[in-house]
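First up is the structure itself, then whatever we jot down about it.
The values are calculated or read from the model by the stated rules, or taken from the named source; none is laboratory data. Values in this document were obtained by computation on a predicted structure and should not be read as measured data. In this analysis, Cβ positions are derived from the backbone assuming ideal geometry, glycine residues included, and neighbour counts consider all displayed protein chains. Ligands, DNA and RNA are excluded from the accessible area calculation, which covers all protein heavy atoms including side chains. Shrake-Rupley method; radii C 1.70, N 1.55, O 1.52, S 1.80 Å.
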Amino acid sequence: MKVLSPVLAFVALAVVASHAALSPEQYWNSKLPNTPMPKIVQEILHPELFGEKSTSVNVGKGGVHVNTAKGKSGGGTHVNVGGKGVGVNTGKGKPGGGTHVSVGGKGGGVSVNTGHKGKPVHVNVAPFIYNYAATETQIHDDPNVALFFLEKDMHPGATMTLHFTETTEKSTFLPYQISRTIPFSSDKLPEILTKFSVKPGSEKAETMKNTIEECEQPSIRGEEKYCATSLESMIDFSTSKLGEIDQAVSTEVEKQTPMQKYSIATGVQRIAGDKTVVCHKQKYAYAVFYCHKSETTRAYMVPLEGTDGTKAKAVAVCHTDTSAWNPKHLAFQVLKVEPGTVPVCHFLPQDHIVWVPK
């Protein structure tokens, strides 16, 4: 067995201690002192401050208990570290209530109208993982999580039919020191399901399995990927790949509205060029973000205004080199273009984050 040198062992212990000694907010401020925290990160840390059910995190001896008691008095997401093992109780929410914004699985996001037949294009698996092919079922069935469009079409006056929705699954970040102790790999799936009291073969089990498998998929050419199981690890990955961070941004919408036509307003702003890290929130028992670094992207902040007056600041990411993507990826089927020919763009749901270097 390989043994760390005394110096490396000391450094490793110091890193763990530094994470454990600081709250997530304090860690953010220590690593990103001049970078405002996006609203979505604040909501995941403190949903009770944004009209959501309260979130409690208790650290003690033993395991982890996550309780999402939707629809119950005093409900919310509770992470209790201590007691007997790890358990998750999702409670009894309203089936089909709301729309879930995430990568893969069943849940909503940004519903899309391509303008060809007047019908929304729905995607239900991993549109932000570019080595996946989309099937006809995935193109036409509920739900979807992204709108793909061409960069040349991103200009004031352009219109798109969109449906921005909030996630109904308010999974919270685990404390860094706890997330490090919980396995996150396919070969440990039975152990993971047991720890979280999830029945094998259930929808939740399949969702968790899908998330882990997506995280384990190999990167495409020119991409570096990582699944962050804590806010601290997401910060560490982003800063290790980009250096000093200038901005961390996400899509923000004034209010939740039905599907409607949005117009691009004046003021489209390029916020990053070539090199970014984009993190997509996954469906899991706790907050997990699928992050990938690319050096062939451009990011924009796009002001939108709905027909009912609702305003949004949507983050759009444009990929300038799609030659390594699966030729049957959703984007090519929707836009009717070939890999590597033109920049392909997509809006990001509200619980995804773009990290921009200085």
#### Entry: Rounded, prolate or oblate (a/c below 1.5 giving rounded, otherwise prolate when a/b exceeds b/c) for the range 293-358 by Cα gyration tensor
oblate
### Task
Normalise the Cα radius of gyration of the range 169-213 by 2.2 N^0.38 Å (N = residues in it) and let me know the number.
1.15
### Query
For E244 and K152 in the same chain, what is the full-extension length gain: residue separation times 0.36 nm, less their Cα-Cα distance, in nm?
30.1 nm
#### Entry: Solvent-accessible area per residue for the range 196-255 (1.4 angstrom probe, square angstrom)
46 Å²
### Task
Along Cα→Cβ, 7 Å out, is where each label goes; now give me the distance between the ones at V342 and E203 in nm to one decimal.
3.8 nm
### Label-point gap, in nm, between M259 and T159 - each point 7 angstrom along Cα→Cβ
1.6 nm
### Message
Can you give me the long-range amide H partners of S219? Hydrogens built in the peptide plane at 1.01 Å from N, cutoff under 5 Å, separation of 5 or more residues or another chain.
### Response
none
### Message
At R0 = 51 Å, how high is the FRET efficiency between E252 and T194 if r is their beta carbon distance? Nearest 0.05 is fine.
### Response
0.85
#### Entry: Entries of K39/K311; K31/K209; K255/K313 with Cα pairs more than 22 Å apart
K31/K209
